[in-house]
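Data first, discussion second: the structure below is written as structure tokens.
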Amino acid sequence: MKIVILGGVAAGAKAAAKARRLLPDAIIDLYTDDTHVSYSACGLAYYIQGNFTDYRTLLVRSPEEFEAQGIHIHLLSKAIKILPESNQVLIQDLKENSAYLTEYDQLVIATGARPVMPPIDNINLKNVFTVRRIEDGIKIREKALQSKHATIIGSGYIGMELLEAFVELGLKVTIVEFAPFVLPVFDNDISKLIQQQLSSISRTRFEILTSELVTELFSNEQGEVVGFKTGTGKEFNTDMVVICTGVKPNVEFAHDAGIALGETGAIKVNKHMRTNIQNIYACGDCAEKTLIIDGSKVWIPLGSTANKEGRIAAINLSGGDEDFDGVLGSAVVRCLSLTMSMTGYTERKAKAAGFQPVSVSVTKNDRVGYMPDVNNITLKLTADKTTGLLLGGQAVGAGDADKRINSLTGALLGRLTVEEFTKNDLTYAPPFSPAIDPLLNAAQLLLEKIKKD
């Protein structure tokens with residue numbers, strides 16, 4: 001059997017490694033247009049910050065290590081056309097600027113996603129960056145160490161991580177967000193709280209511009225960015241700009257081959273990660289997901305999900321029978337002293353999905369008040385008014401916000417009602433939580449609200 005894998009960061013590398021363990025005699029070829037394979041893209045912001053200074057720390061497995069296992073890695077090799085009728089893929093060799101066909105018995109598409117570039121005049125100037133690959137991280141860190149001011153366009157997860165990185169490097173930072181508040185994936189009230197808490201610790205190290213967009217970049221005679229203009233006519237100086245306005249799946253060549261896309265625009269797959277064409281699988285950021293809560297289709301590109309999907313694809317193309325049921329959209333991000341985390345539906349998205357959402361927010365200590373490292377966290381829980389079903393949660397604070405969200409994910413997976421969740425037996429000791437954990441406190445208040453209303 002010959003297995004061809006297109007893409008090699010998280011999902012593709014995982015699929016290759018798992019397939020080799022299951023099929024020791026298979027021929028496995030992995031093609032990627034990248035210069036590296038099998039690395040932690042999620043760690044780029046921490047490399048930029050200087051948590052470690054050797055970018056090779058991000059590499060999970062080298063091409064040589066793959067080759068030692070009989071997995072053939074083809075770097076700078078881009079898939080440009082799939083020919084399902086002949087079980088072939090047309091590969092462009094980016095080093096030699098040539099093309100050739102390779103055959104497959106089983107094909108895995110793991111081509112990931114690419115940055116969305118907003119309509120900004122002069123966006124192609126020098127020192128304007130995106131964050132997706134190892135080279136991006138290297139170039140951004142090199143420039144940051146030579147700069148005094150950085151501009152971040154977009155305030156999603158990566159934007160928040162870069163804000164921390166640049167501040168810790170001693171740069172002044174301006175972050176520009178089109179939405180009314182930062183981290184617009186959260187509900188507005190939580191995003192507003194995040195912004196307020198960030199602003200309270202800025203100490204003039206950074207400024208946040210919301211309900212604003214960058215329309216034009218300015219350059220010097222060397223073609224380097226030196227400033228920008230906003231939609232309201234404000235002008236700012238800067239030494240570098242990082243675009244963090246989101247990503248979109250790399251699916252065009254797959255669609256051209258007749259592979260169906262889902263309603264989100266990513267590749268449509270079933271629980272086995274199979275596409276609509278026999279012997280072709282898709283996984284990772286190029287593939288559509290199912291939201292476990294209600295079975296709706298979503299596209300949430302996360303490294304943790306990509307690894308799980310790559311494993312499932314490998315199992316099933318090897319003759320196995322294992323399902324990937326979907327995601328909850330669980331995520332966490334740190335920015336300076338704040339942790340921000342969420343899972344499941346926000347109140348806004350639950351309403352759009354047809355539920356009758358009801359929510360409560362509480363602000364509590366994350367551990368007993370007399371402990372020296374106590375901090376506040378704010379939790380927002382959302383449930384369906386009609387059924388009492390838990391739908392999601394959001395948390396922010398200097399305390400352990402993420403562990404409360406991690407506790408909630410099990411309840412969502414088990415489709416617990418709020419009343420059922422209030423019976424949860426969470427751990428307690430003064431260094432870890434109050435006697436009644438903030439999560440249970442919020443759940444009790446939510447149950448009272450549901451019954452009262």
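No lab work stands behind these numbers, since they all come straight from the coordinates. Given the structure is predicted, the values throughout are model-derived calculations rather than measurements. Glycine also receives a Cβ, built like all others from the backbone with ideal geometry; neighbour counts cover every protein chain displayed.
Over the range 337-452, what is the relative contact order in whole percent, taking alpha-carbon pairs under 8 Å and six or more residues apart?
Answer for the range 337-452 is 31 percent.
Enter the Cα centre distance for the pair the range 167-225 and the range 120-139, rounded to the nearest angstrom.
Their Cα centres are 17 Å away from one another.
In the neighborhood of Leu379, defined by Cβ-to-Cβ distances under 15 Å, what is the net charge if each Lys or Arg adds +1 and each Asp or Glu adds -1?
-1
Give the separation of the Cα centroids, the range 18-71 to the range 369-386, in Å.
38 Å
Net charge near Leu101: determine it from the other residues with C-beta under 14 Å of the C-beta of Leu101, scoring Lys and Arg +1 and Asp and Glu -1.
Its environment carries a net charge of -1.
Pull up the DSSP beta bridges for the chain and report the antiparallel fraction as a percent, rounded to 5.
60 percent
Taking the Cα centre of the chain as the origin and placing charges on Cβ (Lys, Arg +1; Asp, Glu -1), which of Thr409, Gln444, Pro301 is farthest toward the positive end of the dipole?
Towards the positive end, the residue furthest out is Gln444.
So what are the ³J(HN,Hα) numbers for the range 224-237, from phi and the Karplus equation (6.51, -1.76, 1.60; θ = phi - 60°), rounded to whole Hz, Gly and Pro as x?
Working through the residues one at a time gives 9, 5, 10, x, 8, 10, 9, x, 8, x, 6, 10, 9, 8 Hz.
Kindly write out, for the range 93-110 in residue order, the coupling ³J(HN,Hα) from the Karplus curve 6.51 cos²θ - 1.76 cosθ + 1.60 (θ = phi - 60°), rounded to whole Hz, with x marking Gly and Pro.
Listing the rounded values in order: 7, 6, 7, 9, 6, 10, 9, 7, 9, 10, 9, 9, 9, 10, 10, 10, 9, 9 Hz.
Quick check: residue separation of Ile436 and Lys148 times 0.36 nm, minus the Cα distance between them. What number comes out in nm?
99.1 nm
For each of Lys349, Lys423, count neighbouring Cβ atoms within 10 Å of the residue's Cβ, then give the residues from fewest to most.
Sorted ascending by nearby Cβ count, the order is Lys423, Lys349.
Starting from the amide H of Ala113, placed 1.01 Å from N in the peptide plane, find each other amide H under 5 Å away whose residue is 5 or more places distant or on another chain.
Those lying under 5 Å, H to H, from Ala113 are Asn250.
Work from the charge dipole of the chain (Cβ charges, +1 for Lys and Arg, -1 for Asp and Glu, about the Cα centre) and give the residue of Phe186, Val368, Tyr345 farthest towards its positive end.
Checked the options; the winner is Val368.
Between the range 105-119 and the range 389-417, what is the C-alpha centre distance in whole Å?
Here the two parts' Cα centres lie 30 Å apart.
When a footprinting reagent is the concern and you count Cβ atoms within 10 Å, what order do Ser191, Ser330 take, fewest first?
With the fewest neighbours first, Ser191, Ser330 line up as Ser330, Ser191.
Using unit Cβ charges (K, R positive; D, E negative) and no other charged atoms, how large, in debye to the nearest 20, is the dipole of the range 179-305 about its Cα centre?
Result for the range 179-305 is approximately 500 debye, rounded to the nearest 20.
Which of Ile158, Val214, Met240 sits farthest toward the positive end of the charge dipole of the range 117-243, with +1 on the Cβ of Lys and Arg and -1 on the Cβ of Asp and Glu?
Final value for the positive-end residue is Met240.
Work out the length of the dipole vector of the chain about its Cα centre, built from +1 on the beta-carbon of each Lys and Arg and -1 on the beta-carbon of each Asp and Glu, and round it to the nearest 20 debye.
Approximately 820 debye in magnitude.
Using the Cα centre of the range 248-350 as the reference point, and only Cβ charges (+1 on K/R, -1 on D/E), how large is the resulting charge dipole? Debye, rounded to the nearest 20.
It comes to approximately 260 debye.
What is the local net charge at Cys244, summed over the other residues whose Cβ is closer than 11 Å to its Cβ (Lys, Arg +1; Asp, Glu -1)?
Residues close to Cys244 contribute a combined charge of -1.
Under the rule of -39500 (n - 2.57) per DSSP H run of 4 or more residues, summed and divided by the residues of the chain, what mean residue ellipticity at 222 nm is obtained, to the nearest 500 deg cm²/dmol?
-7500 deg cm²/dmol
For the range 394-453, which chymotrypsin sites (Phe, Trp or Tyr not before Pro) are both in a DSSP coil and crowded by at most 14 other Cβ atoms within 10 Å?
Hits after loop and neighbour filter: Tyr428.
Please order Asp321, Asp366, Asp93, Asp239 by the number of other Cβ within 10 Å, starting at the fewest.
Exposure proxy ranking, most exposed first: Asp321, Asp93, Asp239, Asp366.
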